[in-house]
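The block underneath contains the structure these notes are about, expressed in structure tokens.
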Amino acid sequence: MLDNSKEVQMTSERTASGSKNARFRLNIRWLIFSSLIVASVLPLLGLYKWMEKSAVQKEIAYVEENHLIIAKNLAAALERYAHDVVAVFELTIKSLESTEGPDFSESLDEFDLSFVALLDDKDNVLNEVQAVSKSTSQRLSYTQIEELRAQASINPGQSVFSGIVQFDGAPHISLGRIVANGKFAVSVLSLQYLIELQKSIKFGALGHSMMVDQNGLVIAHPNPEWQASSKDASKLSVVQQMMAGKTGVAIFYSPPMQADMISGFTFVARTGWGVMVPQPMSELEARAKASEKTALLIVLAEIAALIVISWWLSQLISTPIRNVVSAAAKVSDGDLGARVMLSEAPVVISEAQLLGTSFNRLISNLQADQHQLTAALSAAVEGERAKSSFLSVMSHEVRTPMHGLMGILELIKDGKLEEDQRHLLTVGQKTAKNMVKLLDGVLQFVKLEANAESSKASAFDPAELAQSAVDLFQSLAIKKGLSLTTSVSHQMLLGDPQMISQIMLNLVGNAVKFTKEGQIHITSEFRESGTGSARLIISVTDSGIGIADDLQSTIFKEFVQVDSELARANEGSGLGLAISARLAQLMEGKITLKSEPDKGSCFQLDIPVTLVEN
Ligand code: ADP
């Protein structure tokens, strides 16, 4: 369980350190928000730009279509009017020819004809009828009649319309028709109806209609001056097109309006008049601008709505994640009571809610596990403490009477004793000594476990420590026929001589104990590093029974002894190496072992020391 949690911690640390290298750290709320905005607002702006561009084009297309229809309708109306005028003109001619025909003076009035006159080949009036309202005796000039006669003679049997002529002080249009026997009929048409028709057509602020005669002279126009003076508009390209009998839409510059105009134009086939309906381009652009403005307002309203929705969505998605993150941060800081705040809003994202509840369940389980672990740990610590204090008390309690016992045995030895009694006493003394040794070992081990010992530095010579060990075990070695030698070199070092000595005595004692024949040799090595620190390595090498590979690490554990003939023959506690290893640790060093069964062992004590300058 503990190992697992360590692994989890390591993984999370690795992930965190990984993210430290990230170049961009993105905030989830802003990430979602900006993604939604980019994904929705950009296309909208694109749409707006497209609408803005196409608005003017749409207006132009609309105008092109509609202006042309108006122009065509106007031309059709004029066509009918001309037809009616011709009909009245011709009926009146017929009545004039037959002296007893009906009176058309009212009809002439109705169709804006001032009079109809029947002339002989010398232009003398043979017969004539006046419109009721017209009492004038004004006549067309000789030239006007001759021009009309010439025009009519090209189209014999047809009534023809002249271009604009001045009559009775105002612009008119004259009609002429060749009648049988060199007779010629003439009439004059006022422009009143045409002007009214022109006036009736208005669209937009300045959109209007305009009519020109077959020579490009203005018949009817909103500009009264142009109209009164029958302005020659034949120079305008659009007028030229009408005069050429074309129909269409044109954009041109209008001098009287001082503006670019768009106009539908066509012509009246019967009379050769041109009809056009122009409108300033600026009006189209203004209308396009108005629809652009509406589009802009709609787009802005949509963007505002999108921003609000995106913000709300980003909050909806990111808040639960942020809640999990903040709870996880608290948990990783050790607050296992931290829980993810679950949203109580009417709208939630179910996966995010599930993430929160799962996290909370996970932490609750973790908290329960931790409670159990803490309880188990404190029980274990308590048990360990009880064990240590028990061992310590027991050792003390047993050690004191043991010393008393040993004193008594010593006193008895001084008295008169039989040989076998003396032998038993010696065995008893040895057993008591071993027991005290074991108790001392237990006591020291307990102290070391409780961290109650620390190393104390003083100057020492490792060669002297090695020599003392040799001196102590030499007699035993000689007894076993072993050679025990030291080649540790003299050197004054700073370290803990007491701890080093205890380790050395233990290693040499074990070597003598577990070697049947051969030699035990103590060597040393002094390794200096450039930085002023140095290491002392003392090796105790024997030609003893050796230790199998799989046991080499376990013999450093307390109370571990390898079962062997020699171990059974010698007293031991299994504490020597455990104590030695802890002492080496206290000096920030270590003991290593190289051994081969039946060949021997080499124990190495490796500790940091300081060279004492002489
Ligand atoms: P003990 O009091 O039994 O010697 P140690 O902790 O000193 O306790 O040693 C533990 C065991 O390690 C010994 O019982 C022995 O089996 C093995 N051992 C220690 N030193 C040697 C050695 N030099 N050669 C072979 N075995 C050894």
Can you tell me which lysines have their Cα less than 20 Å from the Cα of residue 72? Leave out same-chain residues fewer than eight positions away. 199, 202, 246
Under the rule a/c < 1.5 gives rounded, and otherwise a/b versus b/c splits prolate from oblate, where does the chain land using the Cα gyration tensor? prolate
Segment 204-268 versus segment 418-488: alpha-carbon centroid distance in Å: 135
If each residue's Cβ is checked for other Cβ atoms within 10 Å, how do 145, 408, 349 rank with the fewest at the top? 408, 349, 145
Taking H placed 1.01 Å from N in the peptide plane, check which residues at least 5 places from residue 231 or on another chain put their amide H under 5 Å from its amide H. 218
What is the Cα centroid distance between segment 76-148 and segment 276-300, reported in whole angstrom? 50
Please state the relative contact order of segment 242-305 as a whole percent: Cα pairs under 8 Å, 6+ residues apart? 25
Could you order the peptides 386-396, 429-439, 68-78, 240-250 from most to least packed, using the average number of other C-beta atoms within 10 Å per residue? 68-78, 240-250, 429-439, 386-396
The helix 576-586 Cα axis meets the longest alpha-carbon principal axis of the chain at an angle in degrees, between 0 and 90 and rounded to 10, of 50
Please give the net charge around residue 265, taking every other residue with its beta carbon less than 11 angstrom from that of residue 265, where Lys and Arg add +1 and Asp and Glu add -1. +2
Order of 263, 141 - criterion: other Cβ atoms within 10 Å of each residue's Cβ, fewest first: 141, 263
Among 494, 297, which comes first, then next, by fewest other beta-carbon atoms within 10 Å? 297, 494
Dipole in debye (nearest 20) - segment 281-363, about Cα centre, beta carbon charges: Lys, Arg +1; Asp, Glu -1: 180
Give, rounded to the nearest 20 debye, the magnitude of the charge dipole that segment 485-607 has about its Cα centre when Lys and Arg contribute +1 at Cβ and Asp and Glu contribute -1 at Cβ. 180
Extreme residue, positive dipole direction of segment 240-305, given options 295, 243, 269 (C-beta unit charges): 269
For residue 279, the net charge from surrounding residues (Cβ-Cβ under 14 Å; K, R +1; D, E -1) works out to -4
Kirkwood hydrodynamic radius of segment 275-393, from inverse mean 1/r over distinct Cα pairs, in Å: 20.6
Tell me, what is the percent relative contact order of the chain, built from C-alpha pairs under 8 Å that lie six or more residues apart? 9
Strictly over 24 Å apart at the Cα level, which of 430/516; 49/289; 413/513; 433/480 would you flag in this model? 413/513
Please report the net charge: other residues with Cβ closer than 12 Å to the Cβ of residue 549, K and R +1, D and E -1. -1
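Quick note: the coordinates plus some simple rules give every number you see, no bench work behind them. Since the structure is predicted, the reported quantities are computational estimates derived from the model, not experimental observations. In this analysis, Cβ positions are derived from the backbone assuming ideal geometry, glycine residues included, and neighbour counts consider all displayed protein chains.
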